[in-house]
Amino acid sequence: MTFILGVNYWPRKANIRMWSRWSREEVAEELKRMKELGINAVRAFLLAVDVVGDDGRLRNDAAVRIKEFLDEASVNGIKVYLTLIVGHMSGKNWPLPWDPASEVYTSKACEGALNFILSVVERFKGHKALGGWVVSNEITHIRRPETVEEFRCWLRSIYLAIKRLDPEHPISLGDGTSLLALNHIHLYPSNVSDLVDYLSPHLYIYDDDPVRHTYSYAAILEHARSIKKAVIL
């Protein structure tokens, strides 16, 4: 078994706007450095405002840059987990071009999301650097679903659509699936485990007790593993 050791990746200079301020040389240098450090996976984020075209699908210039990124990752033996819906990133909600009102869970918003997602999956499902798909980055910061079933319907439609197009790669949610989601019951692992291939808890635990702080991470991960799903933290 290969142990996954990875990072959430934005380049040092372009940062969140990496796709609109693209530098293949910068990315290549950083991926090479990652390989030297023993990193074998990265989670990359398709910031919607920089990659979505007027038709709601992946822009051609963005597709070229994503392929270059994947090619450089492949050279360095790094698997890439592409995050598809990125409207929330680093404490800010960014626009979703297909969903200007940030409705997220309505049929119209979901249709727009699928239009974009499938254009990405179709293009890159066969790339050898691809490790898997991540549906979103903390989509519930954009809009919290009113019910667990509303959230499950949204996730189910996306999960099944990706699986039909690409049955080979694993899919995860990209939101904080853990017992710490006290006010977000829709994110309890038991409420999404049948609609993802691996769980992806986002843990931001702050505690001044070093023992409690240490064991709280392990407890959350062990609970997620008890559902018999793979877990990537």
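The values are calculated or read from the model by the stated rules, or taken from the named source; none is laboratory data. Everything numeric in this text was worked out from a predicted model, so none of it was measured. No Cβ is skipped: glycine too gets one built from the backbone with ideal geometry, and neighbour counts run over all protein chains shown. These accessible areas exclude ligands, DNA and RNA; they are computed on the full protein's heavy atoms, side chains included. Shrake-Rupley method; radii C 1.70, N 1.55, O 1.52, S 1.80 Å.
For the stretch 1-76, state which trypsin sites (Lys or Arg not before Pro) are in a DSSP loop and have at most 13 other beta carbons lying within 10 Å of their beta carbon. Of the trypsin sites (Lys or Arg not before Pro), the ones in loops of the stretch 1-76 whose Cβ has at most 13 other Cβ atoms within 10 Å are Arg12, Lys13, Arg21.
Look at the dipole of the stretch 1-78 built from charges on Cβ: of Gly38, Asn60, Ser20, the Cα furthest out on the positive end belongs to Gly38.
For the stretch 86-224, which whole-number percentage of the solvent-accessible area (1.4 Å probe, protein heavy atoms only) is attributable to carbon and sulfur atoms? That fraction is 55 percent. Place +1 on the Cβ of every Lys and Arg and -1 on the Cβ of every Asp and Glu in the stretch 125-233, take the dipole about the Cα centre, and give the residue among Pro210, Trp154, Thr177 whose Cα lies farthest towards its positive end. So the residue furthest toward the plus end is Trp154.
Note on Glu222: accessible area approximately 100 square angstrom, rounded to 10, probe 1.4 Å, nucleic acids and ligands left out.
Here the calculated FRET efficiency for Phe3 and Ser90, from their Cβ-Cβ distance with R0 = 22 Å, stands at 0.20, rounded to the nearest 0.05.
Pairs of alpha-carbon atoms within less than 8 angstrom and 6+ residues apart define the contacts here; what relative contact order does the chain have, in percent? It rounds to 15 percent for the chain. A probe of 1.4 angstrom, applied to the heavy atoms of all protein chains, finds Tyr105 with accessible area near 30 square angstrom.
Where does each of Glu122, Glu150 land when they are ordered by accessible area, with a 1.4 Å probe and the largest first? All intermediate terms of the calculation are to be shown ahead of the outcome.
Numbers: Glu122 100, Glu150 65 Å².
Most to least solvent-accessible, the answer reads Glu122, Glu150.
Taking the DSSP beta bridges in the chain as the whole, what percent of them are antiparallel, to the nearest 5?
Numbers: 3 of 21 bridges.
Antiparallel: roughly 15 percent of the beta bridges in the chain.
Relative contact order of the stretch 68-155, taken over Cα pairs closer than 8 Å and 6 or more residues apart, is 44 percent.
Quick check for you: with a 1.4 Å probe and neighbouring chains kept, what is the accessible area per residue of the stretch 83-142, in Å²?
Details: 2370 Å² over 60 residues.
Ligands and nucleic acids excluded, the result is 40 Å² per residue.
Go through Asp50, Asp61 and list them by solvent-accessible area, largest first, probe radius 1.4 Å. List each step's numbers first, then the result.
Values: Asp50 10, Asp61 65 Å².
The residues order as Asp61, Asp50, largest area first.
Dipole size of the stretch 40-89 about its Cα centre, with +1 on Lys/Arg Cβ and -1 on Asp/Glu Cβ: approximately 200 debye, rounded to the nearest 20.
Placing +1 on each Lys and Arg Cβ and -1 on each Asp and Glu Cβ, with no other charges, gives the stretch 23-106 a dipole about its Cα centre of roughly 300 debye.
Its Cα centre serving as origin, the stretch 1-141 has a Cβ charge dipole (Lys and Arg +1, Asp and Glu -1) of approximately 340 debye.
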